[in-house]
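The values are calculated or read from the model by the stated rules, or taken from the named source; none is laboratory data. A quick note: this is a predicted structure, and the numbers were derived from the prediction, not measured. Cβ: placed from backbone, ideal geometry, glycine included. Neighbour counts: every protein chain shown. Only protein heavy atoms, including side chains, enter the accessible area calculation; ligands, DNA and RNA are left aside. Shrake-Rupley method; radii C 1.70, N 1.55, O 1.52, S 1.80 Å.
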Amino acid sequence: MSDASYLSLEKLTLAYGDTVAVADLDLDIRKGELIALLGPSGCGKTTTMRAIAGLLPVKSGHVRLDGADMTWVPANKRAVGLVFQSYALFPHLSVYENVAFGLKLKGMRGADLDAKVQAGLKSVGLSSFANRKPAELSGGQQQRVALARSMVMEPKVLLLDEPLSNLDARLRLEMRTELQRVQKETGVTMIFVTHDQAEALALADRIVVMKGGAIEQIGSPEDIYNRPVSSFVADFVGFENIFPLEGGRLRTSGGLIELSGEAPSAAGLAWRPRMVTLGTGPFRGTVRGTSFAGDSREYLLDTSLGPIKAEVEAGLSAHPLGADLLFDLPAEKAALLSKFS
Amino acid sequence: MNARSLFIPITLVLVLGFLIGPFLIIVAASFSAGETLNFPPQGFSLRWIAKVFTVESFQASFAMSLFLAIGGTAAALVLGIPASYALSRYKLPGAEIVRTVVSAPIIVPGIIVGLALLRYIVVPFQVGITLALFVAHTALVLPYAVRVVSASLDNLRSDIEEAAVLLGSSRLGAFFRVVMPNIRGGIMSAFILGFVTSFNQVPVSLFLSGPGVRTLPVDMIAYMEIVFDPSVAALSSLLAFLSIGIVFAAERFLGFSRYV
Ligand SMILES: Nc1ncnc2c1ncn2[C@@H]1O[C@H](COP(=O)(O)OP(=O)(O)OP(=O)(O)O)[C@@H](O)[C@H]1O
Ligand SMILES: [Mg+2]
């Protein structure tokens, strides 16, 4: 086992009956890494997590963890923790008993057990809630119990399936920092699923973007945000002007368009609204819509290239609806896409 | 007060009177001092209540009814809990058919169930009376067991079992550690419902009772055909109060009404 592959998925194929949900997935994760699985609904995130945990038998391929082949090791022998989106706390047990559940199964008793449970509760700030039942806790508190319950087991990998999606905006931010802190303190290898690109960018060491049961791109948050490899990822992280390239020219709804600068070699180019130059340039458009977003203003332009979204600093004077504007899509700023779908 | 506002209270009194009235008559009749079952009762005495405990056949049939109610219901639960679990957790191909078959004894009149069991099982296979009664009562209680236990299983999320497995429990262990404790109320409710159903069961038992082996209700009918004294009323009152006591205790301790 090399350090770069503490957990590795090799040609992993997962299916429900005859429907393949994940096909030929390869992924290597380092020890102590915090990975975000990002992708649209139905792309196979939960399916992949369940296979890593051993809750879903694999169709073909392998799951390796810490040097051992886990593919056919039953879920209760894997040392993989999973925090469910629904928390899945045991309703008949107190917070304390919930956290103690797995430790007791390991045979831990008495003072050892108590010390471990208390430490677990303390780490998520719930020491004073030990005797409550799950039903008597708020969503965020239940979430923290679920986290503590998995963490005290000292799993080799901790999986979190949309851990923050049931929480309100303020609590999400709070739990985000909490997750990061716990991960840094314990050094546990963590994979969390999210729909929210901002969450993935803020938390993860690396982001895995999935699409239709396959990995579309793996990279650092900077890579994913600045250098999406495909139109799909570009779209997912907020590039709104995306065009295929053909022989150095942009294929648009208005035909093939010559760029202002030298065309790079790629399958496509993408610009964030911020990257569009307004006021000068070879192209012309009409303002169809405008929206004010605090420190910036966004324009929707009708152009011979099709609709273009541009964003400028709000301090600049506003263009009225119907105004004719010059603009440019500078080739040197564009993200180069090697895959266009 | 106008006629309209009187309508509801009057209806209520009539309905309650209709439901509880006969019961009150029986209770009153059991304290009679007279020799025959009569209403209004003649005088007041506890002699018929006392007599209930001296009739030997009542003792034997009470024991038989108790055995059937407890044993039959327990057997129905042993079969019904795994069945309910399978029905609610797995998408089995014939699940709906299984549900229907299991509920059949509720829908089919008892007299037909009794006759069918007698004609096609007890007689051809020479099954003993006690065993036949036991099997019949188990089958009769099974639908209630499956229905009530299923209801509480459906209210329980299945991901807690997966959570238990990931914390080191086996699948079976997860069932006993996190499923059973959370459906305990449903199981107790099913037990009480099954017990009462079995204990009050007449038509099926009537067909299957044989020489010397009778359930209490069948025995009471047989007794009344020979002796028409108030002891049957006394026994009925005792049984009614016993049932009421059980249901109140169940509601008090288990929240019985949540499951039925
Ligand atoms: N139990 C199941 N039976 C059949 N198909 C399933 C089952 N669970 C998921 N699928 C299918 O597998 C695919 C992947 O589902 P999965 O739950 O992994 O998606 P996801 O990425 O977690 O989506 P979401 O973000 O909505 O949770 C989907 O097409 C889904 O319809
Ligand atoms: Mg999911």
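Miscellaneous remarks
- Taking N as its residue count, the alpha carbon Rg of region A:205-252 over 2.2 N^0.38 Å: 1.25
- Compactness of region B:76-187 is given as radius of gyration and Dmax, 17.1, 53 Å, from Cα positions.
- More than 22 angstrom apart: percent of Cα pairs within region A:163-267: 46 percent
- Counting only DSSP beta bridges whose two residues both lie in region A:3-230, roughly 50 percent are antiparallel.
- Shown are A:His92, A:His195, whose ranking by accessible area with a 1.4 Å probe and every protein chain present, most to least, is A:His195, A:His92.
- Kirkwood hydrodynamic radius over Cα pairs of region B:1-73, then Stokes diffusion coefficient at 10 °C and 1.306 mPa s, in µm²/s: 101 µm²/s
- Euclidean distance of C-alpha centroids, region B:93-170 and region A:285-338, integer Å: 69 Å
- Here the calculated FRET efficiency for B:Ile221 and B:Lys91, from their Cβ-Cβ distance with R0 = 51 Å, stands at 0.65, rounded to the nearest 0.05.
- 27 Å Cα-Cα reach of A:Lys106 towards lysines, excluding residues that sit fewer than 8 places from it in its own chain: A:Lys31, A:Lys77, A:Lys116, A:Lys122, A:Lys133, A:Lys156, A:Lys184
- Amide H contacts of A:Ser60 (H built 1.01 Å from N, under 5 Å, at least 5 apart or other chain): A:Thr13
- Percent of Cα-Cα distances greater than 23 Å, calculated over region A:1-89: 20 percent
- Distance in nm between pseudo-label sites at B:Met180 and B:Phe53 (7 Å out along the Cβ direction from Cα): 3.8 nm
- Qualifying chymotrypsin sites (Phe, Trp or Tyr not before Pro) in region B:1-93, where qualification requires a DSSP coil assignment and no more than 16 other C-beta atoms within 10 Å, comprise B:Phe44, B:Phe53, B:Tyr90.
- Sparse-neighbour loop sites [GluC sites (Glu not before Pro); region A:252-341; at most 10 other C-beta within 10 Å; DSSP]: A:Glu262
- Counted over chain A with a bin width of 10 Å, the fraction of Cα pairs per bin, in whole percents, is 5, 22, 25, 21, 15, 9, 3, 0.
- As a calculated quantity, the FRET efficiency between B:Leu172 and B:Ser103 at R0 = 25 Å, using C-beta atoms, amounts to about 0.35.
- Computed over the alpha carbons of region B:40-130, Rg followed by Dmax gives 20.3, 65 Å.
- Taken across both chains, chains B and A shield about 1600 Å² of accessible surface from a 1.4 Å probe.
- Charges were assigned to the Cβ only: +1 to each Lys and Arg, -1 to each Asp and Glu. The resulting dipole of chain A about its Cα centre is roughly 1120 debye.
- The alpha carbon radius of gyration of the protein assembly as shown, expressed as a multiple of 2.2 N^0.38 Å, is 1.44.
- Once the convex hull of all Cα atoms in region B:125-203 is built, its volume per residue stands at 114 Å³.
- Membrane-span-like helices in chain B, defined here as complete DSSP H runs extending at least 27 Å along the helix axis by their C-alpha atoms with mean Kyte-Doolittle hydropathy no lower than 1.0, are B:3-30, B:129-154, B:231-254; this is a sequence and geometry rule, not a statement about a membrane.
- The protein assembly as shown - percent of accessible surface contributed by carbon and sulfur, probe 1.4 Å: 62 percent
- With viscosity 1.002 mPa s and temperature 20 °C, the Kirkwood radius over alpha carbon pairs of region A:245-307 converts through Stokes-Einstein to a diffusion coefficient of 163 µm²/s.
- Taken as Cα centroids, region A:138-181 and region B:1-19 sit 57 Å apart, rounded to the nearest whole angstrom.
- For region B:65-83 versus region A:13-46, the spacing of their alpha-carbon centroids is 46 Å.
- Radius, Kirkwood style, for region B:154-258 when every pair of distinct Cα atoms is counted (Å): 17.2 Å
- Scattering curve values for region A:160-210, log₁₀ I(q)/I(0), Debye with Cα scatterers, q = 0.13, 0.16, 0.32 Å⁻¹: -0.28, -0.43, -1.53
- Taking all protein chains as they are arranged and a probe of 1.4 Å, the heavy atoms of B:Arg99 leave approximately 80 Å² accessible to solvent.
- For the residues B:Val102, A:Val145, a 1.4 Å probe over the protein chains yields an accessible-area ranking, largest first, of B:Val102, A:Val145.
- All alpha carbon pair distances within chain B were sorted into 10 Å bins beginning at 0; the resulting P(r) in whole percents reads 7, 23, 27, 23, 14, 6, 1, 0.
- The DSSP beta bridges internal to the protein assembly as shown are antiparallel in roughly 75% of cases.
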